[in-house]
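Below: the structure, in structure tokens.
The values are calculated or read from the model by the stated rules, or taken from the named source; none is laboratory data. Everything quoted here is computed from the prediction, not taken from an experiment. A quick note on method: Cβ atoms are made from the backbone with ideal geometry, for glycine too, and the neighbour counts reach across all protein chains shown.
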Amino acid sequence: MDQCAYLQKVIKRYGMLNAKSASTPLPAGYYAAKNTEPVDADLRSRFQTVIGSLLYLMLGTRPDIAFAVTHLSRHATNPSQDHLNKALYICCYLIGTSTYSLIYNGGSGAGLIACTDSDWGSDPTSRLSQTGFYLKLADGLIMSGSVLLDDLTRRSRDAGD
């Protein structure tokens, strides 16, 4: 399964047909800091449009961009120019990986595989930790997710009430 045709439309829509590809969805060590400037309605609209396109790709066939897209989408109400630039950076990554697709191989005998990982205090401003997981069936991704541990802790606590 792939979304190559849709990806080409996205790349064209954002004027990136001649952009250089990137080897990762975001630069190593990048953290999207909160924008403290007043809201720029035009910038917000453009950012939300780009993030919306990336979310569609991510949910359909590109789980490899999930962390980068969701990390940036947290700033959709008041994005900075840096946030928009990094959303377009994800597009550069997609240019270099435009032929990636999801392949389900029923003959692999792989069955169901689950993996999880977490980090401790990775958010430099809030010091929140993050955990993530993925599930594969027949060597193809069927589900993935990521959550800030503060949210997870609060839900666990509230579930006991």
Among LEU112, LEU128, LEU88, which is in the same structural domain as TYR30 (by TED's automatic domain parsing) and of a type in the set (A, V, I, L, M)?
LEU88
Residues that are over 30 Å from PRO124 (Cα atoms) and either surrounded by 19 or more Cβ atoms within 10 Å (Cβ to Cβ) or touching a His at 6+ places or on another chain (Cβ under 9 Å) (or both): does region 11-22 have at least one?
yes
Has region 118-133 got at least one residue that is assigned to a strand (DSSP E or B) and of a type in the set (D, E, K, R)?
yes
Can you report the number of residues in region 23-52 which are in a loop (DSSP other than H, G, I, E, B) and under 16 Å from ALA68 (Cβ atoms)?
11
In this structure, does LYS20 turn out to be outside the structural domain of ASP119 (by TED's automatic domain parsing), of a type outside the set (Val, Ile, Thr), at pLDDT below 95 and not in a helix (DSSP H, G or I)?
no
Selection from region 64-87 of residues that are surrounded by fewer than 19 Cβ atoms within 10 Å (Cβ to Cβ) and in contact (Cβ under 8 Å) with a residue 60 or more places away in the chain:
PHE67, THR70
Which one is surrounded by the most Cβ atoms within 10 Å (Cβ to Cβ) among residues in region 110-142 that are farther than 21 Å from ILE65 by Cα and of a type in the set (Ser, Thr, Tyr)?
SER126
Could you tell me whether any residue of region 46-66 is more than 15 Å from THR24 (Cα to Cα) and of a type in the set (Lys, Arg)?
yes
Starting from residues that are part of a loop (DSSP other than H, G, I, E, B) and polar (S, T, N, Q), keep the ones in region 99-117 and report whichever is modelled with the lowest pLDDT.
ASN105
Which of the numbered conditions does SER45 fail, given that it passes all the others? Conditions: (1) touching a residue at least 60 places away in the same chain (Cβ under 8 Å); (2) surrounded by fewer than 18 Cβ atoms within 10 Å (Cβ to Cβ); (3) polar (S, T, N, Q).
(1)
Take the conditions in a loop (DSSP other than H, G, I, E, B) and closer than 22 Å to TYR100 by Cβ and apply them to LYS9. Does it pass?
no
